[in-house]
Amino acid sequence: MGINGKRLLGALIAIVIFAVACVIIFFQLPQGSIAKVEPSAPSYIGSTRIFLLSAKASYGYADGNPFDPCFVVHATIRDDFTSQNPVDTFYNNSQGSAWFIMSAELYDKNDHQITYQFYDPGNLPPNWNEQGIAANETETVTITMLTSDRNVDHYTLVFAWLGTVFAP
């Protein structure tokens, strides 16, 4: 084997070692996991007529990026507002539908609030996470909160906006 063959063999061995190291590092990165956090029993959220049917929480990484650890809540809700009991009286909403931006307050076992940032996938308009729901319908809402804290003990679902129209 000539000098060029030895260089080629050495380069191939270096590439294989590098690739194996990358695979090992990738599998050593923390993966998402189910959070051992239970929300309160099914009930109305705050003083609204939006009923929490169920919720699941998990730890994960926004878009799978290990540099964006997050806490995610998937909440299934039902709109119990009606034309007789509307969200608000600012606009004539005879259907009972609602527009909302839902968030959560996160707490550790000592009841200290955990800070986070809303996940923003970028280049989206303000209130991009606003959703609408019709009266008597159910919807599953996903709330992604960027935080590296893995000590969430409990959380409270809250509305940053709830009305008969889009948030201002």
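This table checks each residue for (1) farther than 22 Å from Met145 by Cβ; (2) modelled with pLDDT of 90 or more.
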| residue | (1), (2) |
| --- | --- |
| Thr48 | no, yes |
| Asn65 | no, no |
| Cys70 | no, yes |
| Ala75 | no, yes |
| Asn85 | yes, no |
| Ser103 | no, no |
| Ile114 | no, yes |
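Screening Gln131 on (1) modelled with pLDDT of 90 or more; (2) closer than 22 Å to Ser54 by Cα; (3) out of contact with any Leu (no Cβ under 6 Å at 6 or more places or on another chain) shows it passes everything except condition (1). Under the condition of being closer than 17 Å to Ala160 by Cα and surrounded by 17 or more Cβ atoms within 10 Å (Cβ to Cβ), the residues counted in the stretch 49-71 number 3.
Scanning the stretch 69-121 for residues that are charged (D, E, K, R) and over 18 Å from Val141 (Cα atoms) yields Asp88, Asp108, Lys109, Asp111.
The values are calculated or read from the model by the stated rules, or taken from the named source; none is laboratory data. Please read these numbers as outputs of a predicted model, since none were measured by experiment. Backbone-built Cβ (ideal geometry, glycine too); neighbour counts: all protein chains shown.
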